1. Taking the condition of being farther than 30 Å from Ala315 by Cβ and open to solvent by less than 60 Å² (accessible area, probe 1.4 Å), how many residues in region 58-88 meet it?
2. Can you tell me which of (1) over 30 Å from Ile79 (Cα atoms); (2) of a type in the set (D, E, K, R); (3) at pLDDT 90 or above is the one Lys5 doesn't meet?
3. Could you pull out the residue among Arg321, Arg325, Arg348 that is open to solvent by 30 Å² or more (accessible area, probe 1.4 Å) and in contact with a Leu (Cβ under 9 Å, 6 or more places away or on another chain)?
4. Within region 292-318, how many residues are in contact with an Asp or Glu (Cβ under 9 Å, 6 or more places away or on another chain) and open to solvent by 50 Å² or more (accessible area, probe 1.4 Å)?
5. What is the residue count in region 170-215 for residues that are open to solvent by 50 Å² or more (accessible area, probe 1.4 Å) and either acidic (Asp, Glu) or part of a loop (DSSP other than H, G, I, E, B) (or both)?
6. May I ask you to list the residues in region 351-368 that are of a type in the set (D, E, K, R) and either touching a strand residue (DSSP E or B) at 6+ places or on another chain (Cβ under 8 Å) or crowded, with 18+ Cβ neighbours inside 10 Å (or both)?
7. Go through (1) open to solvent by 60 Å² or more (accessible area, probe 1.4 Å); (2) out of contact with any helix residue (DSSP H, G or I) (no Cβ under 8 Å at 6 or more places or on another chain); (3) modelled with pLDDT under 70 one by one and return the number of the condition Gly165 breaks.
8. Here are Asn230, Asn210: which of them is closer than 25 Å to Asp109 by Cβ and at pLDDT 90 or above?
Amino acid sequence: MNMKKAILSCLMLMGVLSVSAQEQKGTTEYVFEPHWYLQLQGGAQYTTGEAKFGDMISPTIQGAVGYQFSKNVGARLGINAWQSKTGWKDDAGFDAHNFKYSYIAPALDLTFDLSNIIAGYNPNRKVSFGAFIGIGLNYRMQSDDAKNAKAYMDQYTGESEYDWGWTPMYNDDAVLFFKGQAGLTADYHINDAWSIGLEANFNMLSDRYNFKKVGNPDSYFNLLAGIKYNFGPTYSTRFIPAPEPEIRYVDKIVEKIVEVPAPGPAAVEPLRRDIFFEINKTIIRDSEKQKVQDIADYMNAHPTSKVMITGYADAGTGNNRINDRLAKGRAQVVVKALKEQYGIAESRISWDSKGSRVQPFAENDLNRVSICIAE
């Protein structure tokens, strides 16, 4: 007997929880969370110069720690290092000289999430694009190759340092330069914590970075690939419950029934049709046109009925400006079809647009819809 009571109690509890879950209606909103991240990259550098393109390619690595302040803007402190190269053409009849030298270059960048800025915040986006701009330092280390090249030039050309343009920094040729940099990024998000990405950046420094004095700034390009790890949650979700329907209290007056009136016409059930659209479209597909005809047939069969049409857009793509336009267009195209194709009077049609601020369905793609209720 006790076992039967226990089983019955469990079934009743499950039923109460199920009803409670079904009655929970509303929308889910993504909320950005500020977070730190670590980035490690490696790749190739092209140092601008007079030698052949292939002779000016060298390896480079980069590490950075960043903080994303908002969904659009962040900052990072990075260190780029390894090698640069210098070379010149064999215009004077002697062998061209190319040599490499080491450097280390810390920089502070201001970063921008272009995908969020243009298309709106979406933490489920798999590929995102960004840009950055920053300033930093470049510590160019000593180079015995540079000293040897100068000696070679002095021996075979007989020209002075100033004439052929080499800087006279050979006794202490480790020099600190200021630099400015800018670049673009592309990241593929494996999950909320990990992503892999590409980066292309351009760096400009003052003259003599490449050991040559020619009266114009020096520069190099980096092409990097690497991984990024986000610390902590990058976003949270917030449930916005649907507003409770207004409860109206009506005084009930009980009177003695003297006569039983003849039964009236049976109550007519409302008709609901959900007309779904493709992404970024406001055109009724052939597969959905039967639903519009169902509404028209219902209203022709019930001359006093009216229809309410509400347009929506999904929150997973676009932004509020784009989604407001789509939701409005999806409602109006159904209104137009009822009036022009089926002759339903405009006075019997009402419409509204909720954009992507309200999501009637849990599945993102189903919210590209116009919900039509005729009664």
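The values are calculated or read from the model by the stated rules, or taken from the named source; none is laboratory data. What you see is a predicted model, and the numbers here were worked out from it, not measured in a lab. Methodologically, a virtual Cβ is constructed for each residue, glycine included, from the backbone with ideal geometry; neighbour enumeration extends over all protein chains shown. To get the accessible areas, we keep the full protein, side chains included, count just its heavy atoms, and leave off ligands, DNA and RNA. Shrake-Rupley method; radii C 1.70, N 1.55, O 1.52, S 1.80 Å.
1. Final tally of qualifying residues: 15.
2. So Lys5 meets the others, but not (3).
3. Values: Arg321 fails: in contact with a Leu (Cβ under 9 Å, 6 or more places away or on another chain); Arg325 fails: in contact with a Leu (Cβ under 9 Å, 6 or more places away or on another chain).
None of the others qualify; the one that does is Arg348.
4. 3
5. The number of residues fulfilling the criteria is 10.
6. Once the filter is applied, which keeps residues that are of a type in the set (D, E, K, R) and either touching a strand residue (DSSP E or B) at 6+ places or on another chain (Cβ under 8 Å) or crowded, with 18+ Cβ neighbours inside 10 Å (or both), region 351-368 yields Asp352, Lys354, Arg357, Arg368.
7. All conditions pass for Gly165, except number (1).
8. Testing whether each residue is closer than 25 Å to Asp109 by Cβ and at pLDDT 90 or above leaves just Asn230.
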